């Protein structure tokens, strides 16, 4: 072997000995399917992370039940089998104080939600999630607000007095609708349309997408554009996954989460506008003033004062709402 060939061989062996940086793969769980705002936002999050890290990190989005239901996904964050997740009201099963995620008439609009979640209250919520779920909040994604559909026109609070309104079987939500003067009637969602048609219930409340896609808009004639519950979801990072990311790289994920949340919110707003236009072709739409509704439910939170941390979160959110 010539000296030159020996040198080339040694160089090649040296190059082969240099370890190649492996791609780090994370898993993100979401219960929805592609085409829903939150899953499309999750896919955007994964895309941005890959681009900004130049392929160093990859996020595999496990949607459509691939990672299980919400509870299984949440438990995956706790046990380290999921790295990221998009979750909503299920978080209150791990920290009851977070029933504020699904509390009627608490948030006045999406801007109120964002101001709370992107400020000191949101930081405290993230700390609670870290302590009780083993995951931190890195973004908040808006959901379509909930509206009321009924078999009689609703223009003011008194119009729902005595109405049997289907609500989820959740103590806080039942208490709130009782305070409004209705007769909250829990039932499984598949039973709602037949119950409306038979007159077993007088109304129900859900986001506009469900109202127009499940036949609710054909079962009753009236839609009250109450937006009585501005829902939202969290994009969460398991603490185990977050700790594995070098501190200098974490901005890649937080910035991607922020952009993904903005994309989600655009999709939700477009969906709401489309749904309202569709519903308006079949239903009489009213827009009640909710001042009396908020006054009627203002003291309900006291029924849950024994829940650690809840009263503090609730009163601070109400105070923040004075600007909206």
Which residues, counting only those in region 1-46, are part of a loop (DSSP other than H, G, I, E, B) and at pLDDT below 50? 18, 19, 20
Going by what's in this entry, would residue 158 be described as in contact with a helix residue (DSSP H, G or I) (Cβ under 9 Å, 6 or more places away or on another chain), at pLDDT 95 or above, surrounded by fewer than 21 Cβ atoms within 10 Å (Cβ to Cβ) and more than 28 Å from residue 97 (Cβ to Cβ)? yes
Go through region 152-168 and report how many residues are in contact with a strand residue (DSSP E or B) (Cβ under 9 Å, 6 or more places away or on another chain), farther than 17 Å from residue 227 by Cα, part of a loop (DSSP other than H, G, I, E, B) and without any contact (Cβ under 8 Å) to a residue 60 or more places away in the chain. 2
Can you give me the number of residues within region 84-110 that are part of a loop (DSSP other than H, G, I, E, B) and either touching a strand residue (DSSP E or B) at 6+ places or on another chain (Cβ under 9 Å) or over 22 Å from residue 30 (Cα atoms) (or both)? 8
Considering residues of region 174-190 that are within 24 Å of the chain's Cα centre (by Cα) and in a helix (DSSP H, G or I) only, the residue surrounded by the fewest Cβ atoms within 10 Å (Cβ to Cβ): 190
Restricting attention to region 114-125, report how many residues are crowded, with 22+ Cβ neighbours inside 10 Å and over 11 Å from residue 137 (Cβ atoms). 1
I'd like the residue in region 205-214 that is in contact (Cβ under 8 Å) with a residue 40 or more places away in the chain and closer than 20 Å to residue 281 by Cβ and, out of all such residues, is farthest from the chain's Cα centre (by Cα). 212
Please tell me if residue 104 is surrounded by 22 or more Cβ atoms within 10 Å (Cβ to Cβ), over 24 Å from residue 35 (Cα atoms) and not assigned by TED's automatic domain parsing to the domain that holds residue 315. yes
Counting only residues that are closer than 18 Å to residue 322 by Cβ and touching a residue at least 60 places away in the same chain (Cβ under 8 Å), how many does region 265-298 have? 6
Condition check for residue 300: surrounded by 17 or more Cβ atoms within 10 Å (Cβ to Cβ), over 30 Å from residue 58 (Cα atoms) and not assigned by TED's automatic domain parsing to the domain that holds residue 98: yes
Within region 120-134, is there a residue that is on the phi > 0 side of the Ramachandran plot and touching a helix residue (DSSP H, G or I) at 6+ places or on another chain (Cβ under 7 Å)? yes
All but one of (1) under 27 Å from residue 75 (Cβ atoms); (2) part of a loop (DSSP other than H, G, I, E, B) hold for residue 131, so report the exception by its number. (2)
For the condition surrounded by 14 or more Cβ atoms within 10 Å (Cβ to Cβ), more than 21 Å from residue 48 (Cβ to Cβ) and either touching a helix residue (DSSP H, G or I) at 6+ places or on another chain (Cβ under 6 Å) or without any contact (Cβ under 8 Å) to a residue 12 or more places away in the chain (or both), what is the one hit in 225, 202, 243, 217? 217
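The values are calculated or read from the model by the stated rules, or taken from the named source; none is laboratory data. Given the structure is predicted, the values throughout are model-derived calculations rather than measurements. Counting neighbours? That spans all protein chains shown, and the Cβs are built from the backbone with ideal geometry, glycine included.
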